[in-house]
Amino acid sequence: MTAAALQPSPFAGLWTLPGVYAPQADTILLARALRAEGVRTGTDVLDLGTGSGALAVLAASMGAQVSATDISWRAVVTAKVNAARAGQRVRVRHGDLSLPWPGRSFDVVVSNPPYVPAPAKRPPLSGPARAWDAGHDGRHVVDRICSRAPSLLSPNGVLLLVHSQLCDSETTLERLTDAGLACSVTDRARVPLGPVLSRRLPWLRDQGLMGPDEDKEELVIIRAERT
């Protein structure tokens, strides 16, 4: 599958508090996947790690019943404000992944989790970097989502997960398959390195995660369905 070009961001007008992850290329790619999924009136959607609320608001505008979570109180406030400004109903709760919605299952779960490999083995507990740093291999949150996905999905429910190839999409596919889901990479895009990866480029090259001539990051969408 070739990497597809991304259109300009449809989220340019969203408001974010300082320290909240603003929509970027990964958000745009996941929005494209959400539209392709055919979300419609009555679809029950969960946005894990909602950040600015961009994807939650998009799903609500398509008619979905939307729940959202984030571990950052600033993100919770930001998502609520953006939903109100857009005139959309989104139920946003503070907490770790799906814990604020115990016992619930959903038709569609979307997530743009922290996935950037970092020199520190453990991800930060506070501060803006909590939105992207995910441990030495970038998989601290991705692996937890893979483990939790089957219990979050209704029959025929779908997980749409975006992350960088830097944290290994093959491992994600294996974990989701082992969890009993039918999964594949459905979209990808090569994008210029942002400020975080640009600063970290020497370390990434030392780790063998990027080649000496690489100057772009490949993002992937993984779709996993509970059949």
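Numbers at a glance
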| item | result |
| --- | --- |
| Filter result for LEU197 (more than 27 Å from GLY38 (Cβ to Cβ), modelled with pLDDT under 95, touching a Ser or Thr at 6+ places or on another chain (Cβ under 9 Å) and buried (at least 16 other Cβ atoms within 10 Å of the Cβ)) | yes |
| Enumeration of residues in segment 86-115 that are farther than 19 Å from VAL220 by Cβ, of a type in the set (A, V, I, L, M) and in contact with a Gly (Cβ under 9 Å, 6 or more places away or on another chain) | ALA86, VAL90, VAL92, LEU97 |
| Restricting segment 121-160 to residues that are assigned to a loop (DSSP other than H, G, I, E, B) and surrounded by 20 or more Cβ atoms within 10 Å (Cβ to Cβ), the residue that is nearest to the chain's Cα centre (by Cα) | TRP132 |
| Filter result (among the polar types (S, T, N, Q) and either part of a strand (DSSP E or B) or within 19 Å of the chain's Cα centre (by Cα) (or both)) within segment 182-227 | SER184, THR186 |
| Residues that are touching a strand residue (DSSP E or B) at 6+ places or on another chain (Cβ under 9 Å), farther than 14 Å from LEU14 by Cβ and part of a helix (DSSP H, G or I), drawn from segment 31-68 | ARG32, ALA33, LEU34, ALA36, ALA59 |
| Meets criteria (closer than 24 Å to LYS216 by Cβ, hydrophobic (A, V, I, L, M, F, W, C) and over 17 Å from the mean Cα position of the chain (by Cα)) for ALA118 | yes |
| Complete set of residues in segment 16-46 that are in contact (Cβ under 8 Å) with a residue 40 or more places away in the chain and either over 25 Å from ARG190 (Cβ atoms) or of a type in the set (Ser, Thr, Tyr) (or both) | THR16, LEU17, PRO18, GLY19, VAL20, TYR21, THR27, VAL39, THR43, ASP44, VAL45, LEU46 |
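One line per residue, one yes/no per condition, for (1) more than 28 Å from VAL196 (Cβ to Cβ); (2) under 16 Å from the mean Cα position of the chain (by Cα); (3) crowded, with 24+ Cβ neighbours inside 10 Å; (4) of a type outside the set (A, V, I, L, M):
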{"residue": "TRP15", "(1), (2), (3), (4)": "no, no, no, yes"}
{"residue": "THR50", "(1), (2), (3), (4)": "no, yes, yes, yes"}
{"residue": "VAL77", "(1), (2), (3), (4)": "no, no, no, no"}
{"residue": "ARG89", "(1), (2), (3), (4)": "yes, no, no, yes"}
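The values are calculated or read from the model by the stated rules, or taken from the named source; none is laboratory data. Because the structure is a prediction, the values reported are computed rather than measured. Every residue, glycine as well, gets a Cβ built from its backbone with ideal geometry; the counts of neighbours run over all protein chains shown.
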